[in-house]
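**Q** Let me begin by handing over the structure; questions about it come next.
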Amino acid sequence: MKKLTPYFSFIFMLVFSAAVQAQTAKEPWTESQLIATQELADQINAPGKPKPLIINIGPQAVIKGSVDVGPGKEKTNIKALEKTLAKSDKNKEVVIYCGCCPFDKCPNIRPAFNQLKDMGFTNARLLNIPKNIKTDWIDKGYPVND
Amino acid sequence: MKKIKTVFLLLTILIFGSKIQAQETRIRTGEMAPEIELPNIKGEKTALSSLRGNLVLIDFWATWCAPCVEEQPELKKLYTKYNHLKSGGIGLEIFGVSLDNKKEAWEKSIRKFNMAWVQVSDLKYWTSPVAQTYHIEALPYNVLVDEKGFIIALNLHGKELEGFIDSYLKKE
(Lines give C-alpha, C1' and ligand atoms only; values in the text may rest on other atoms or scores of the structure.)
Protein backbone atom coordinates (compact mmCIF):
# COMPACT_ATOMS: atom_id res chain seq x y z
CA MET A 1 0.00 0.00 0.00
CA LYS A 2 2.84 2.34 0.88
CA LYS A 3 4.25 1.86 -2.57
CA LEU A 4 1.02 3.08 -4.07
CA THR A 5 0.90 6.34 -2.13
CA PRO A 6 3.43 8.20 -4.32
CA TYR A 7 1.46 7.19 -7.42
CA PHE A 8 -1.76 8.44 -5.90
CA SER A 9 -0.25 11.73 -4.88
CA PHE A 10 1.27 12.10 -8.34
CA ILE A 11 -2.11 11.55 -10.00
CA PHE A 12 -3.74 13.91 -7.50
CA MET A 13 -1.20 16.62 -8.33
CA LEU A 14 -1.74 16.13 -12.03
CA VAL A 15 -5.50 16.45 -11.72
CA PHE A 16 -5.17 19.42 -9.38
CA SER A 17 -2.76 21.32 -11.62
CA ALA A 18 -4.96 20.61 -14.63
CA ALA A 19 -7.91 22.06 -12.74
CA VAL A 20 -5.91 25.18 -11.85
CA GLN A 21 -4.80 25.54 -15.46
CA ALA A 22 -8.37 25.13 -16.68
CA GLN A 23 -9.43 27.91 -14.34
CA THR A 24 -6.82 30.38 -15.53
CA ALA A 25 -7.38 29.44 -19.16
CA LYS A 26 -10.99 30.63 -18.86
CA GLU A 27 -10.02 34.26 -18.19
CA PRO A 28 -9.47 36.65 -21.12
CA TRP A 29 -6.22 37.94 -19.55
CA THR A 30 -2.96 36.17 -18.81
CA GLU A 31 -1.04 36.36 -15.56
CA SER A 32 1.50 38.74 -17.15
CA GLN A 33 -1.29 41.11 -18.18
CA LEU A 34 -2.17 41.76 -14.55
CA ILE A 35 -0.54 44.82 -12.99
CA ALA A 36 0.03 45.06 -9.23
CA THR A 37 -1.50 48.01 -7.37
CA GLN A 38 1.90 49.06 -6.01
CA GLU A 39 3.35 49.16 -9.54
CA LEU A 40 0.54 51.35 -10.85
CA ALA A 41 0.69 53.64 -7.81
CA ASP A 42 4.45 54.05 -8.41
CA GLN A 43 3.82 54.88 -12.06
CA ILE A 44 1.27 57.54 -11.11
CA ASN A 45 3.54 59.04 -8.45
CA ALA A 46 6.71 59.06 -10.55
CA PRO A 47 7.24 62.59 -11.84
CA GLY A 48 7.97 63.09 -15.51
CA LYS A 49 7.54 59.48 -16.57
CA PRO A 50 5.06 58.45 -19.26
CA LYS A 51 1.87 57.31 -17.61
CA PRO A 52 -0.47 54.59 -18.80
CA LEU A 53 -4.00 55.44 -19.80
CA ILE A 54 -5.99 54.36 -16.73
CA ILE A 55 -9.66 53.63 -17.29
CA ASN A 56 -12.31 52.89 -14.70
CA ILE A 57 -14.73 50.22 -15.89
CA GLY A 58 -16.42 49.88 -12.48
CA PRO A 59 -18.93 51.95 -10.52
CA GLN A 60 -16.63 54.91 -9.77
CA ALA A 61 -13.32 56.36 -10.97
CA VAL A 62 -11.41 56.25 -7.68
CA ILE A 63 -7.83 56.19 -9.00
CA LYS A 64 -6.15 59.55 -9.57
CA GLY A 65 -6.22 60.65 -13.17
CA SER A 66 -8.34 57.76 -14.39
CA VAL A 67 -10.93 58.12 -17.12
CA ASP A 68 -14.46 57.05 -16.17
CA VAL A 69 -16.41 54.97 -18.69
CA GLY A 70 -18.69 53.19 -16.20
CA PRO A 71 -19.39 49.52 -15.41
CA GLY A 72 -18.25 47.18 -18.20
CA LYS A 73 -21.27 44.92 -17.80
CA GLU A 74 -23.37 47.51 -19.64
CA LYS A 75 -23.12 47.55 -23.42
CA THR A 76 -23.37 51.34 -23.61
CA ASN A 77 -20.26 51.59 -21.42
CA ILE A 78 -18.34 49.16 -23.63
CA LYS A 79 -19.25 51.45 -26.53
CA ALA A 80 -17.96 54.39 -24.48
CA LEU A 81 -14.74 52.45 -23.86
CA GLU A 82 -14.39 51.85 -27.58
CA LYS A 83 -14.90 55.56 -28.26
CA THR A 84 -12.40 56.58 -25.56
CA LEU A 85 -9.75 54.36 -27.13
CA ALA A 86 -10.62 54.97 -30.79
CA LYS A 87 -7.73 57.35 -31.42
CA SER A 88 -5.18 55.81 -29.09
CA ASP A 89 -1.98 54.17 -30.27
CA LYS A 90 -2.48 50.40 -30.16
CA ASN A 91 0.86 50.02 -28.38
CA LYS A 92 -0.05 52.42 -25.59
CA GLU A 93 -0.18 50.92 -22.13
CA VAL A 94 -3.83 50.84 -21.10
CA VAL A 95 -4.78 49.81 -17.57
CA ILE A 96 -8.39 49.04 -16.72
CA TYR A 97 -9.75 48.54 -13.23
CA CYS A 98 -13.00 47.92 -11.42
CA GLY A 99 -12.57 47.05 -7.73
CA CYS A 100 -16.20 46.55 -6.78
CA CYS A 101 -15.56 42.97 -5.75
CA PRO A 102 -13.06 40.11 -6.12
CA PHE A 103 -12.43 39.02 -9.76
CA ASP A 104 -14.68 35.95 -9.52
CA LYS A 105 -17.68 38.11 -8.55
CA CYS A 106 -16.97 41.12 -10.79
CA PRO A 107 -19.32 41.47 -13.76
CA ASN A 108 -17.34 44.32 -15.37
CA ILE A 109 -13.74 43.28 -16.02
CA ARG A 110 -14.28 40.52 -18.58
CA PRO A 111 -16.37 42.43 -21.17
CA ALA A 112 -14.01 45.40 -20.86
CA PHE A 113 -10.80 43.38 -21.18
CA ASN A 114 -12.21 41.51 -24.16
CA GLN A 115 -12.97 44.85 -25.80
CA LEU A 116 -9.32 45.93 -25.40
CA LYS A 117 -8.19 42.64 -26.91
CA ASP A 118 -10.65 42.91 -29.81
CA MET A 119 -9.39 46.40 -30.56
CA GLY A 120 -5.84 45.04 -30.77
CA PHE A 121 -4.22 46.79 -27.81
CA THR A 122 -0.92 45.02 -27.34
CA ASN A 123 -0.22 46.55 -23.96
CA ALA A 124 -3.59 46.05 -22.29
CA ARG A 125 -3.49 45.39 -18.58
CA LEU A 126 -5.89 44.72 -15.77
CA LEU A 127 -5.27 46.10 -12.30
CA ASN A 128 -4.93 43.20 -9.89
CA ILE A 129 -7.40 43.99 -7.10
CA PRO A 130 -7.90 40.88 -4.97
CA LYS A 131 -10.66 42.28 -2.73
CA ASN A 132 -11.87 45.74 -3.66
CA ILE A 133 -10.73 49.28 -4.37
CA LYS A 134 -11.08 50.26 -0.70
CA THR A 135 -8.94 47.52 0.82
CA ASP A 136 -6.41 47.26 -1.99
CA TRP A 137 -6.07 50.90 -3.03
CA ILE A 138 -7.68 53.54 -0.77
CA ASP A 139 -6.60 51.93 2.53
CA LYS A 140 -3.02 51.69 1.25
CA GLY A 141 -2.89 55.43 0.70
CA TYR A 142 -2.41 55.18 -3.08
CA PRO A 143 -3.37 58.27 -5.12
CA VAL A 144 -7.09 58.90 -5.51
CA ASN A 145 -9.25 61.40 -7.37
CA ASP A 146 -10.53 64.27 -5.24
CA MET B 1 20.25 59.50 32.45
CA LYS B 2 19.74 60.40 28.85
CA LYS B 3 19.19 56.76 28.04
CA ILE B 4 16.53 56.43 30.72
CA LYS B 5 14.79 59.51 29.39
CA THR B 6 14.72 58.04 25.90
CA VAL B 7 13.32 54.76 27.21
CA PHE B 8 10.62 56.64 29.12
CA LEU B 9 9.80 58.68 26.09
CA LEU B 10 9.53 55.56 23.97
CA LEU B 11 7.33 53.87 26.57
CA THR B 12 5.06 56.91 26.73
CA ILE B 13 4.74 56.95 22.97
CA LEU B 14 3.99 53.21 22.96
CA ILE B 15 1.34 53.44 25.66
CA PHE B 16 -0.17 56.57 24.20
CA GLY B 17 -0.17 55.03 20.73
CA SER B 18 -1.93 51.91 21.89
CA LYS B 19 -4.54 54.04 23.64
CA ILE B 20 -5.26 55.82 20.40
CA GLN B 21 -5.63 52.47 18.69
CA ALA B 22 -7.96 51.29 21.44
CA GLN B 23 -10.11 54.33 20.79
CA GLU B 24 -10.58 53.31 17.19
CA THR B 25 -13.91 51.72 16.49
CA ARG B 26 -14.01 48.02 17.11
CA ILE B 27 -16.59 46.11 15.23
CA ARG B 28 -17.23 43.03 17.27
CA THR B 29 -20.00 41.61 19.38
CA GLY B 30 -20.42 43.26 22.74
CA GLU B 31 -19.21 46.66 21.46
CA MET B 32 -21.48 49.63 20.88
CA ALA B 33 -22.38 49.98 17.19
CA PRO B 34 -20.81 53.23 15.90
CA GLU B 35 -23.36 55.85 14.94
CA ILE B 36 -24.23 56.21 11.28
CA GLU B 37 -25.97 59.38 10.16
CA LEU B 38 -26.50 59.67 6.43
CA PRO B 39 -29.12 61.08 4.06
CA ASN B 40 -32.09 58.95 3.07
CA ILE B 41 -33.47 58.95 -0.47
CA LYS B 42 -35.20 62.30 0.18
CA GLY B 43 -31.93 63.80 1.40
CA GLU B 44 -32.99 63.86 5.06
CA LYS B 45 -30.26 62.89 7.52
CA THR B 46 -31.25 59.70 9.29
CA ALA B 47 -29.43 58.21 12.26
CA LEU B 48 -28.98 54.58 13.17
CA SER B 49 -29.69 55.55 16.78
CA SER B 50 -33.20 56.67 15.78
CA LEU B 51 -34.11 52.97 15.61
CA ARG B 52 -32.92 52.30 19.17
CA GLY B 53 -35.35 50.08 21.09
CA ASN B 54 -35.54 47.54 18.28
CA LEU B 55 -33.46 44.70 17.00
CA VAL B 56 -31.68 46.43 14.11
CA LEU B 57 -30.10 44.78 11.11
CA ILE B 58 -27.60 47.14 9.46
CA ASP B 59 -27.47 45.90 5.89
CA PHE B 60 -24.48 47.17 3.88
CA TRP B 61 -25.23 46.68 0.21
CA ALA B 62 -25.08 48.27 -3.26
CA THR B 63 -26.89 47.88 -6.54
CA TRP B 64 -23.58 46.96 -8.22
CA CYS B 65 -23.17 44.02 -5.83
CA ALA B 66 -25.11 41.08 -7.30
CA PRO B 67 -25.24 38.91 -4.14
CA CYS B 68 -26.49 41.95 -2.17
CA VAL B 69 -29.32 42.52 -4.62
CA GLU B 70 -30.22 38.82 -4.58
CA GLU B 71 -30.52 38.98 -0.80
CA GLN B 72 -33.08 41.81 -0.78
CA PRO B 73 -36.22 39.64 -1.27
CA GLU B 74 -35.09 37.57 1.75
CA LEU B 75 -34.67 40.71 3.83
CA LYS B 76 -38.12 41.80 2.74
CA LYS B 77 -39.55 38.50 4.01
CA LEU B 78 -37.77 38.90 7.35
CA TYR B 79 -38.96 42.49 7.64
CA THR B 80 -42.57 41.54 6.91
CA LYS B 81 -42.44 38.67 9.37
CA TYR B 82 -40.68 40.32 12.31
CA ASN B 83 -41.25 44.08 12.07
CA HIS B 84 -44.83 44.00 13.38
CA LEU B 85 -43.74 42.21 16.56
CA LYS B 86 -43.05 45.71 17.84
CA SER B 87 -46.44 46.04 19.53
CA GLY B 88 -45.80 45.42 23.19
CA GLY B 89 -42.17 44.47 22.67
CA ILE B 90 -39.33 44.92 20.26
CA GLY B 91 -39.41 44.16 16.57
CA LEU B 92 -36.99 43.96 13.69
CA GLU B 93 -35.88 47.14 11.95
CA ILE B 94 -33.53 47.25 8.99
CA PHE B 95 -31.09 50.11 8.41
CA GLY B 96 -29.98 49.78 4.80
CA VAL B 97 -26.67 51.49 4.02
CA SER B 98 -25.90 51.59 0.33
CA LEU B 99 -22.39 51.96 -1.07
CA ASP B 100 -23.83 53.07 -4.38
CA ASN B 101 -22.60 56.19 -6.08
CA LYS B 102 -25.45 56.82 -8.49
CA LYS B 103 -28.67 57.99 -6.92
CA GLU B 104 -30.86 56.81 -9.83
CA ALA B 105 -29.64 53.21 -9.55
CA TRP B 106 -30.10 53.26 -5.78
CA GLU B 107 -33.60 54.74 -6.01
CA LYS B 108 -34.63 52.29 -8.74
CA SER B 109 -33.65 49.29 -6.64
CA ILE B 110 -35.47 50.56 -3.57
CA ARG B 111 -38.61 50.89 -5.68
CA LYS B 112 -38.11 47.55 -7.43
CA PHE B 113 -37.71 45.56 -4.22
CA ASN B 114 -40.23 47.70 -2.38
CA MET B 115 -37.88 48.18 0.54
CA ALA B 116 -40.10 49.68 3.18
CA TRP B 117 -37.29 50.03 5.69
CA VAL B 118 -34.80 52.87 6.26
CA GLN B 119 -32.35 53.39 3.40
CA VAL B 120 -29.41 55.76 3.61
CA SER B 121 -26.35 56.53 1.49
CA ASP B 122 -23.74 59.23 1.01
CA LEU B 123 -23.34 57.94 -2.57
CA LYS B 124 -19.60 57.66 -2.14
CA TYR B 125 -19.06 54.03 -3.18
CA TRP B 126 -16.01 52.47 -1.44
CA THR B 127 -14.75 55.95 -0.47
CA SER B 128 -17.64 56.31 2.01
CA PRO B 129 -16.35 56.97 5.56
CA VAL B 130 -18.88 54.43 6.85
CA ALA B 131 -16.97 51.66 5.04
CA GLN B 132 -13.93 52.68 7.11
CA THR B 133 -15.81 52.97 10.39
CA TYR B 134 -17.31 49.51 10.04
CA HIS B 135 -14.12 48.01 8.53
CA ILE B 136 -16.07 46.59 5.62
CA GLU B 137 -13.93 44.27 3.52
CA ALA B 138 -16.57 42.93 1.16
CA LEU B 139 -20.26 43.20 0.38
CA PRO B 140 -22.81 41.98 1.34
CA TYR B 141 -22.05 42.65 4.99
CA ASN B 142 -24.35 43.12 7.94
CA VAL B 143 -24.34 43.88 11.64
CA LEU B 144 -27.08 43.02 14.13
CA VAL B 145 -27.59 45.54 16.90
CA ASP B 146 -29.72 45.01 20.01
CA GLU B 147 -32.28 47.44 21.43
CA LYS B 148 -29.60 49.20 23.49
CA GLY B 149 -27.26 49.71 20.53
CA PHE B 150 -24.78 46.90 21.16
CA ILE B 151 -23.49 44.64 18.39
CA ILE B 152 -24.79 41.11 18.92
CA ALA B 153 -23.92 39.37 15.63
CA LEU B 154 -21.85 39.97 12.49
CA ASN B 155 -22.43 39.00 8.90
CA LEU B 156 -25.16 36.38 9.16
CA HIS B 157 -27.01 35.41 6.01
CA GLY B 158 -29.78 33.06 4.87
CA LYS B 159 -31.06 30.51 7.37
CA GLU B 160 -28.49 31.55 9.96
CA LEU B 161 -29.75 35.13 9.91
CA GLU B 162 -33.40 34.12 10.13
CA GLY B 163 -32.68 31.63 12.94
CA PHE B 164 -30.83 34.28 14.93
CA ILE B 165 -33.57 36.90 14.56
CA ASP B 166 -36.29 34.38 15.34
CA SER B 167 -34.72 33.11 18.54
CA TYR B 168 -33.68 36.59 19.67
CA LEU B 169 -37.17 38.03 19.33
CA LYS B 170 -38.79 35.00 20.95
CA LYS B 171 -36.46 35.33 23.88
CA GLU B 172 -37.38 38.97 24.43
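The values are calculated or read from the model by the stated rules, or taken from the named source; none is laboratory data. Given the structure is predicted, the values throughout are model-derived calculations rather than measurements. Note that each Cβ is placed from the backbone with ideal geometry, even for glycine, and that neighbours are counted across all protein chains shown. The protein model used for the area step is the full one, side chains on, heavy atoms only, and it has no ligands, DNA or RNA in it. Shrake-Rupley method; radii C 1.70, N 1.55, O 1.52, S 1.80 Å.
**Q** I'd like the full set of residues that are closer than 20 Å to B:H157 by Cβ and either without any contact (Cβ under 8 Å) to a residue 40 or more places away in the chain or within 14 Å of chain A (Cβ to nearest Cβ) (or both), limited to region B:34-74.
**A** B:F60, B:W61, B:A62, B:T63, B:W64, B:C65, B:A66, B:P67, B:C68, B:V69, B:E70, B:E71
**Q** If a residue must be modelled with pLDDT of 95 or more and either of a type outside the set (A, V, I, L, M, F, W, C) or closer than 21 Å to A:A61 by Cβ (or both), how many such residues does region B:81-100 contain?
**A** Adding up the residues that qualify gives 5.
**Q** If you take the residues in region B:88-102 that are open to solvent by 10 Å² or more (accessible area, probe 1.4 Å) and more than 11 Å from every other protein chain (Cβ to nearest Cβ), which one is nearest to the chain's Cα centre (by Cα)?
**A** Our first condition is that a residue be open to solvent by 10 Å² or more (accessible area, probe 1.4 Å); within region B:88-102, this holds for B:88-90, B:93, B:101-102.
Checking the rest, the ones that are also more than 11 Å from every other protein chain (Cβ to nearest Cβ) come to B:88-90, B:93.
On the way: B:G88: 25, B:G89: 22, B:I90: 18, B:E93: 12 Å.
Restricting to residues being open to solvent by 10 Å² or more (accessible area, probe 1.4 Å) and more than 11 Å from every other protein chain (Cβ to nearest Cβ), the top hit is B:E93.
**Q** Considering only residues of region B:108-138 that are of a type in the set (S, T, N, Q) and without any contact (Cβ under 8 Å) to a residue 60 or more places away in the chain, which is surrounded by the most Cβ atoms within 10 Å (Cβ to Cβ)? Give the steps one after another, and end with the answer.
**A** Taking region B:108-138 first, the residues of a type in the set (S, T, N, Q) are B:109, B:114, B:119, B:121, B:127-128, B:132-133.
Then keep just the ones that are without any contact (Cβ under 8 Å) to a residue 60 or more places away in the chain; that gives B:109, B:114, B:127-128, B:132.
Numbers: B:S109: 20, B:N114: 9, B:T127: 17, B:S128: 23, B:Q132: 14.
Here the answer is B:S128.
**Q** Pick from region A:103-142 the residues that are more than 13 Å from chain B (Cβ to nearest Cβ), in a loop (DSSP other than H, G, I, E, B) and over 12 Å from A:I78 (Cβ atoms): which of them is most open to solvent (accessible area, probe 1.4 Å)?
**A** A:T122
**Q** Could you tell me whether region A:33-40 includes any residue that is at pLDDT 95 or above and in a loop (DSSP other than H, G, I, E, B)? Even if it seems obvious, please write down each step before you answer.
**A** If we filter region A:33-40 for residues that are at pLDDT 95 or above, which is where we start, we get A:33-40.
Narrowing further to those that are in a loop (DSSP other than H, G, I, E, B): none.
Scanning region A:33-40 turns up no residue that is at pLDDT 95 or above and in a loop (DSSP other than H, G, I, E, B).
**Q** Could you tell me which of the residues A:N56, A:N91 is within 13 Å of chain B (Cβ to nearest Cβ) and not basic (K, R)? Before you say what the answer is, go through the steps one by one.
**A** Values: A:N91 fails: within 13 Å of chain B (Cβ to nearest Cβ).
Among A:N56, A:N91, only A:N56 is within 13 Å of chain B (Cβ to nearest Cβ) and not basic (K, R).
**Q** Test B:K124 against the criterion of being basic (K, R) and either within 11 Å of chain A (Cβ to nearest Cβ) or touching a helix residue (DSSP H, G or I) at 6+ places or on another chain (Cβ under 9 Å) (or both), and give yes or no. Quick ask: steps written out before the conclusion?
**A** On the way: basic (K, R): yes; either within 11 Å of chain A (Cβ to nearest Cβ) or touching a helix residue (DSSP H, G or I) at 6+ places or on another chain (Cβ under 9 Å) (or both): yes.
Criteria met by B:K124.
**Q** Another question, if that's okay. Answer yes or no: is there a residue in region B:141-164 that is within 13 Å of another protein chain (Cβ to nearest Cβ) and open to solvent by 30 Å² or more (accessible area, probe 1.4 Å). Show your work before the answer.
**A** Within region B:141-164, the first condition is being within 13 Å of another protein chain (Cβ to nearest Cβ), and the residues that meet it are B:141.
From what's left, open to solvent by 30 Å² or more (accessible area, probe 1.4 Å): B:141.
The answer is yes; a qualifying residue exists.
**Q** Here is a follow-up. Filter region B:44-83 for residues that are touching a strand residue (DSSP E or B) at 6+ places or on another chain (Cβ under 6 Å) and open to solvent by 50 Å² or more (accessible area, probe 1.4 Å) and give the result.
**A** B:K45
**Q** May I pose another question? Restricting to region A:90-102, name every residue that is under 19 Å from A:A80 (Cβ atoms) and open to solvent by less than 40 Å² (accessible area, probe 1.4 Å).
**A** Filtering region A:90-102 for residues under 19 Å from A:A80 (Cβ atoms) gives A:90, A:92, A:94-100.
Once the filter is applied, which keeps residues that are under 19 Å from A:A80 (Cβ atoms) and open to solvent by less than 40 Å² (accessible area, probe 1.4 Å), region A:90-102 yields A:V94, A:V95, A:I96, A:Y97, A:C98, A:G99, A:C100.
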